[in-house]
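K.L.:
Let me begin by handing over the structure; questions about it come next.
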Amino acid sequence: MKTVAYALAAAMAMSMAATELAANGAVPLAGSAWRPAPLSGFAGTDERPVQVEFETADKVSGFAGCNRFFGAFKHGGDKLTLGPLATTRMACPEDVMDRETRFLKILETARLVEVTESELLLKTWEGAVLLRLTPHR
């Protein structure tokens, strides 16, 4: 019974923290899913959209165009670290594999993040935008 009470208390605390962050204008990454913007060159297809899902406070997964990927991430303020990322090992046409490799490299290279309800920007340390993503619904 104590375990259930502790689990409920922890869930309530996490929910209140997420609400407080959203009220302050910051959008938490945990529990969100994103797609590369249509003109990014990484959108994938309607049947298999490229996507990034921040599953929990430290786990990321998604689809990179041919393979699924998964790994860890750290997010604090405007700082973000993704990876190392692992992938499944499906083979696809060379152009798809090249695009997937570039996409995963961008994810692992990003060091700064700017996130709102309608956009997630992955940036270099210098602030250059590497990739623009939109919510995946």
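K.L.:
I need the full set of residues from segment 125-137 which are of a type outside the set (D, E, K, R), farther than 19 Å from GLU55 by Cα and out of contact with any helix residue (DSSP H, G or I) (no Cβ under 7 Å at 6 or more places or on another chain), in order please.
P.N.:
Narrowing segment 125-137 to residues of a type outside the set (D, E, K, R): 125, 127-131, 133-136.
Filter once more, keeping what is farther than 19 Å from GLU55 by Cα: 125, 127-131.
If the condition is that a residue be of a type outside the set (D, E, K, R), farther than 19 Å from GLU55 by Cα and out of contact with any helix residue (DSSP H, G or I) (no Cβ under 7 Å at 6 or more places or on another chain), then TRP125, GLY127, ALA128, VAL129 are the ones that fit.
K.L.:
Still on this structure: For segment 74-88, give me each residue that is modelled with pLDDT of 95 or more and exposed (fewer than 12 other Cβ atoms within 10 Å of the Cβ).
P.N.:
Hit for segment 74-88 is THR88, nothing else.
K.L.:
I'm checking my understanding of the structure. Among residues of segment 93-120 that are in a helix (DSSP H, G or I) and among the acidic types (Asp, Glu), which one is farthest from LEU29 (Cα to Cα)? Write out each step before concluding.
P.N.:
Narrowing segment 93-120 to residues in a helix (DSSP H, G or I): 94-109.
Pick out the ones that are also among the acidic types (Asp, Glu) and you get 94-95, 98, 100, 108.
Numbers: GLU94: 32, ASP95: 30, ASP98: 27, GLU100: 22, GLU108: 16 Å.
Per the criteria, the residue is GLU94.
K.L.:
So which residues in segment 74-92 are closer than 14 Å to ALA30 by Cβ and either in contact with an Asp or Glu (Cβ under 6 Å, 6 or more places away or on another chain) or not in a strand (DSSP E or B) (or both)?
P.N.:
Scanning segment 74-92 gives a single hit, LEU82.
K.L.:
Follow-up question, since we're still on this one. Going by the conditions given, is ALA128 without any contact (Cβ under 8 Å) to a residue 24 or more places away in the chain, over 17 Å from PHE63 (Cα atoms) and among the aliphatic types (A, V, I, L, M)?
P.N.:
On the way: without any contact (Cβ under 8 Å) to a residue 24 or more places away in the chain: yes; over 17 Å from PHE63 (Cα atoms): yes; among the aliphatic types (A, V, I, L, M): yes.
Yes.
K.L.:
Mind listing whichever residues of segment 39-58 are more than 24 Å from TRP125 (Cβ to Cβ) and either in contact (Cβ under 8 Å) with a residue 12 or more places away in the chain or assigned to a loop (DSSP other than H, G, I, E, B) (or both)?
P.N.:
ALA43, GLY44, THR45, ASP46, GLU47, ARG48, PRO49, VAL50, GLN51, GLU53, GLU55, THR56
K.L.:
Continuing with the same structure: Output the residue which, of all residues in segment 37-73 that are charged (D, E, K, R) and loosely packed, with under 12 Cβ neighbours inside 10 Å, is modelled with the highest pLDDT.
P.N.:
Among residues in segment 37-73 that are charged (D, E, K, R) and loosely packed, with under 12 Cβ neighbours inside 10 Å, the one modelled with the highest pLDDT is ARG48.
The values are calculated or read from the model by the stated rules, or taken from the named source; none is laboratory data. On a predicted model such as this, the values are computed, not experimentally measured, just so you know. FYI the Cβ positions are ideal-geometry reconstructions off the backbone, even for glycines, and counts take in every protein chain you see.
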